[in-house]
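For reference, the structure discussed in these notes is given below.
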Amino acid sequence: QVQLVESGGGLVQAGGSLRLSCAASGRTFTSGVMGWFRQAPGKEREFVAAFRWSGRNTYYADSVKGRFAISRDNGENTVYLQMDSLNPEDTAIYYCAATAKFPILGIGVPSAYGYWGQGTQVTVSS
């Protein structure tokens, strides 16, 4: 099985930055996608960003474009989410997710991802 472990969350002031990490172990999905989702209290889980293991394509939610950047650590099965210019609306539990194949019907659909981490809390104060 694939295991995903997130880290790097914390408490920051508005305008600050955090860098989240997602370490993947087990099967390598060379045709799949690693993504980030987030869920705030009382809200549904929403797509944040994704990156293809076998390509350089990146995908971002409109709400984070220009502020967040997803990247891959060369030589390691680790994906990062660099978050800059954070605002209180970014407060949520951030989850790492993976799918074995490219989710052609919707890269931002949570149900397309079969593997999930336990999440890391990001809190942005105003």
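The values are calculated or read from the model by the stated rules, or taken from the named source; none is laboratory data. Being a predicted model, the structure only gives us computed values, none of them experimental. Cβ placement follows ideal geometry from the backbone for every residue including glycine, while neighbour counts extend to all protein chains displayed. Ligands, DNA and RNA are excluded from the accessible area calculation, which covers all protein heavy atoms including side chains. Shrake-Rupley method; radii C 1.70, N 1.55, O 1.52, S 1.80 Å.
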Point-charge dipole on Cβ atoms (K/R +1, D/E -1) for the range 1-48, about Cα centre, debye to 20: 40 debye
Among GLY8, ALA40, ALA50, whose Cα lies farthest out toward the positive end of the dipole of the range 1-56, if unit charges sit on the beta carbon of Lys, Arg (+1) and Asp, Glu (-1)? ALA50
Can you pull out the GluC sites (Glu not before Pro) in the range 21-126 that DSSP calls coil and that have at most 14 other Cβ atoms within 10 Å? GLU44, GLU76
Ignoring ligands, DNA and RNA, how do ILE104, ILE93, ILE70 rank by accessible area with a 1.4 Å probe, largest first? ILE104, ILE93, ILE70
In Å², and per residue, what accessible area does the range 23-126 have when probed at 1.4 Å with the other protein chains present? 52 Å²
Roughly how many whole Å is it from the C-alpha centroid of the range 1-41 to that of the range 81-121? 7 Å
Suppose we keep just the alpha-carbon trace of the chain; what are its Rg and Dmax in angstrom? 13.5, 41
Would you work out what percent of the accessible area of the chain, with all protein chains in place, is carbon or sulfur (probe 1.4 Å)? 47 percent
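Once you charge only the Cβ atoms, +1 for Lys and Arg and -1 for Asp and Glu, what is the size of the charge dipole of the chain about its Cα centre, to the nearest 20 debye?
So the dipole magnitude of the chain works out to roughly 320 debye.
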